[in-house]
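S.K.: Quick one: the structure is below, and I'll ask about it shortly.
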Amino acid sequence: MADDALLDTERLVARCVSDGEFMMAARHWNGGLRLGTTGFATGFRVSAGTPVPGVPGEGSGVVSLEAPPSIWDAIVEPVPAPFLHDITAALGQGVVRAGDELAWWQYAPAIQRAVELLAEPRPSGGPSPADSGPLPRTDSPVGRYIHLELDGVDHRIYHEEAGQGIPLLLQHTAGSHGTQWRHLFENRAITDRFRLIAYDLPYHGKSVPPVGDRWWSRPYRLTGEFLRSVPLQLAAGLGLDRPVFMGCSVGGLLALDLASRHPERFRHVISLEGALHIGGDTGRLTGFWHPQVGNETKARMMQALTSPTSPEVYRKETIQTYAAGWPPAFLGDLHYYMVDYDLRDRAAEIDTATVGVDILSGQYDTSGTVAHGRAAHEAIAGSTFTEMVGVGHFPMSENPEAFFRSLLPVLDRIAETAG
């Protein structure tokens, strides 16, 4: 029943006050949170970042979330179903948000955590074997810079390498950087056969902005033409002969984009969380770059795209890169992801006899959904499709062991074909 799922205000406040994650996210908040359903409401008021018992009314700093009893019951399940595993994902599944719009953006991380605290603690998992062992130790990748001319400007592109054999370029997600691929670098089943090259897009990670351009004086907007030029120029600069390309999210769309427009340059593409078209209104995402909203919000909202069964330590590591990034980068990357990219009229022309295409989609991804990935597969004759159970939008970083179970069969086929 919903009144069981929605803790009474005293118990919810007690859980929030004793939770370090919530208290850090709620700092400076004045207002409150109301969680309601038919005939019942709970929540708390907040004063200077400290919750106090009492269901708030309307007013400044107050956010309200309303849902049918069945939705609240599903949200507090030990393993919630996809799209009900985080309150931001559930907004499209029957949860209605109202109240102070700016407060929602500013304190979404605290609100998300408060809703999580309605449920009993869930198993968080632990680190992979590659993250344990005696100290000191050295990880495999070696990093360096290469200068590439992109759009007529000299860009200093950072990339890390490990392994030997078939070259495999790795493109990170929007707003992040190449660290997302670190677990692949430590897997000998991969590095014994593949030369991994993970790069940071311009303005991301260690790829510092170019010195020959006044980039700070105009909005950052990632376009397909510029994005496609990065792996093309990088492959040429490193002397790679028809490398494999693997990307996730923005990189997953780019994988299919490259297969469509430059099939002769790649022997195979692997699209993680790919689609023919994502769409959406970037104007509704102003909180992703707003002078009164911190980077913490965009990071915590990315956790909504991960699976509740992925190890907590890796889910948090995945979203940390979003909090650490240049503030305009994520929203600017979404221009390509949501506006510029559309392969619906071109996908059927991809020749998988020239460039192989594999599409892998995470069960808990609420952006590049399983339905998106399957539709892309059905449009591209000769492609393969895999639904990755128990992972979300960031399979390589949020749950590497589960990801390897889906990825290794794909890499096995590529290696067999090459040799």
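S.K.: Pull up the range 238-273, narrow it to residues that are in contact with a strand residue (DSSP E or B) (Cβ under 8 Å, 6 or more places away or on another chain) and part of a loop (DSSP other than H, G, I, E, B), then point me to the one that is surrounded by the fewest Cβ atoms within 10 Å (Cβ to Cβ).
M.R.: Asp241
S.K.: Being within 24 Å of the chain's Cα centre (by Cα), in a loop (DSSP other than H, G, I, E, B) and closer than 27 Å to Gly205 by Cα is true for just one of Pro121, Pro127, Pro109, Pro136. Which residue is that?
M.R.: Result of the check over Pro121, Pro127, Pro109, Pro136: Pro127.
S.K.: Does Leu135 satisfy the condition of being more than 30 Å from Phe22 (Cα to Cα), assigned by TED's automatic domain parsing to the domain that holds Leu253 and not β-branched (Val, Ile, Thr)?
M.R.: The answer is no for Leu135.
S.K.: Of a type in the set (A, V, I, L, M, F, W, C) and at pLDDT 95 or above: does that describe Ala198?
M.R.: In short, yes.
S.K.: Can we say Arg122 is closer than 29 Å to Glu398 by Cβ and of a type in the set (Lys, Arg)?
M.R.: Against the criterion (closer than 29 Å to Glu398 by Cβ and of a type in the set (Lys, Arg)), Arg122 qualifies.
S.K.: What number of residues within the range 36-60 satisfy the criterion of being without any contact (Cβ under 8 Å) to a residue 24 or more places away in the chain and hydroxyl-bearing (Ser, Thr, Tyr)?
M.R.: The total comes to 1.
S.K.: Looking at (1) of a type in the set (A, V, I, L, M); (2) more than 11 Å from the chain's Cα centre (by Cα); (3) under 29 Å from Ser229 (Cα atoms), find the lone condition where Met388 falls short.
M.R.: All conditions pass for Met388, except number (3).
S.K.: Among the candidates Ile87, Ile71, single out the residue that is within 21 Å of the chain's Cα centre (by Cα), within 23 Å of His393 (Cβ to Cβ) and either in the same structural domain as Gln292 (by TED's automatic domain parsing) or among the β-branched types (Val, Ile, Thr) (or both).
M.R.: From the options Ile87, Ile71, the qualifying one is Ile87.
S.K.: Counting only residues that are under 19 Å from Ile87 (Cα atoms) and out of contact with any Gly (no Cβ under 9 Å at 6 or more places or on another chain), which one in the range 26-55 is surrounded by the most Cβ atoms within 10 Å (Cβ to Cβ)?
M.R.: Thr37
S.K.: Okay, next question. Can you say whether Pro78 is surrounded by fewer than 20 Cβ atoms within 10 Å (Cβ to Cβ) and either touching a helix residue (DSSP H, G or I) at 6+ places or on another chain (Cβ under 9 Å) or not in a loop (DSSP other than H, G, I, E, B) (or both), as far as the supplied structure shows?
M.R.: No.
S.K.: If you don't mind, there's one more thing I want to ask. Hey, can you tell me all the residues within the range 210-237 that are assigned to a loop (DSSP other than H, G, I, E, B) and surrounded by fewer than 17 Cβ atoms within 10 Å (Cβ to Cβ)?
M.R.: Selection gives Val211, Gly212, Asp213, Arg214, Arg218, Pro219, Arg221, Thr223.
S.K.: Is it the case that Val211 is in contact with a Leu (Cβ under 9 Å, 6 or more places away or on another chain), in the same structural domain as Pro400 (by TED's automatic domain parsing) and in contact (Cβ under 8 Å) with a residue 40 or more places away in the chain?
M.R.: No, not satisfied.
The values are calculated or read from the model by the stated rules, or taken from the named source; none is laboratory data. Bear in mind the structure is a predicted one, so any value in this text is a computation, not a measurement. When we count neighbours, we look across all protein chains shown, and the Cβ atoms used for this are built from the backbone with ideal geometry, even at glycine.
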